[in-house]
Amino acid sequence: MLFLSVALTGGPHGLRPPRLRRVEVADDWLTLELTDGRHLRMPTVWSPALADAAPAERRGWRLVAGGLGVAWPALAEILSLHAIPIRRHPVGQSATILQLPKAAG
């Protein structure tokens, strides 16, 4: 299972934090659409299960925890929205996943 880490805030006045609305998985990228209109992208290689999955398996996602996560039951993979490292952008703009440093090889 894949678990990453950084919290999203709900904005001013304690509004409810954004939730996941939709998920798309391409060969190289996972795109998450949030309820506040933002889109987050991360490389599928961060999740070996998704990187190695067949297209039909990648489409087999479902939202969990009230939209705070996404699961691929056939792959035994769960991704928590509150655990994705992102750069903050104003509501309605796309966000970019922070690139983690590559391990020394």
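The values are calculated or read from the model by the stated rules, or taken from the named source; none is laboratory data. Quick caveat: nothing in here was measured; it's all calculated off a predicted structure. With ideal geometry, Cβ positions are generated from the backbone for all residues, glycine too; neighbour counts draw on all protein chains shown.
Laid out as a table, the results:
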| quantity | calculated |
| --- | --- |
| The listed residue being at pLDDT 50 or above, of a type outside the set (Phe, Trp, Tyr), assigned to a loop (DSSP other than H, G, I, E, B) and under 19 Å from GLU33 (Cα atoms), out of GLY60, GLY66 | GLY60 |
| Any chance ALA51 is in contact (Cβ under 8 Å) with a residue 12 or more places away in the chain and at negative phi | no |
| Tally of residues being touching a strand residue (DSSP E or B) at 6+ places or on another chain (Cβ under 6 Å) and closer than 17 Å to PRO18 by Cα across region 63-81 | 8 |
